Amino acid sequence: AVLSTQSGHYDRELNEFLKKFNSIKQEIDLELDNLVKLSSPAEKKSHLSAAQGRVNSLQDLLNDALSYLPAYDLRKSQDAVTTIHENIARIQQVCLPKKKFAFGKKKNAATNS
């Protein structure tokens, strides 16, 4: 009887975790879809930062659930977080590419005197 009570508690925790996890994941996916449509680099950077913050909260949620998540759900959740990180990196590379380094000509103060 004790096992079934504990099992019910774990099932409730698991269902609550999955509900929160999927909700946050959908918010991130929506944020990333909207990010591509933006034109301003500042807006893109802001939305990308917000999406990264949500991914961090998703990772925290996953870390808190390690004690009661079954191995399959844990692996699926970790894979989902990894995929989101990869998507963010890809979108960041496309939408906000790093400036290329180039040597510029130095203005020589001696030639101006």
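The values are calculated or read from the model by the stated rules, or taken from the named source; none is laboratory data. In this text, all values refer to a predicted model and were calculated from it rather than measured experimentally. Counting neighbours? That spans all protein chains shown, and the Cβs are built from the backbone with ideal geometry, glycine included. Note: accessible area is taken over every heavy atom of the protein model, side chains too, but ligands, DNA and RNA are not part of it. Shrake-Rupley method; radii C 1.70, N 1.55, O 1.52, S 1.80 Å.
Ligands, DNA and RNA left out, the accessible area of the range 28-88 computed with a 1.4 Å probe is 49% carbon and sulfur.
Distance between the 7 Å Cα→Cβ label points at A71 and K105: 6.7 nm. A straight chain from S40 to H9 at 0.36 nm per residue would run longer than the Cα-Cα distance by 6.4 nm.
A 23 angstrom limit on the alpha carbon distance is what I want to check against. Which of K19/K44; K25/K76; K20/K44; K44/K105 exceed it? Can you show the working numbers first?
Numbers: K19/K44 28 Å; K25/K76 13 Å; K20/K44 26 Å; K44/K105 32 Å.
Result: K19/K44; K20/K44; K44/K105 exceed 23 Å.
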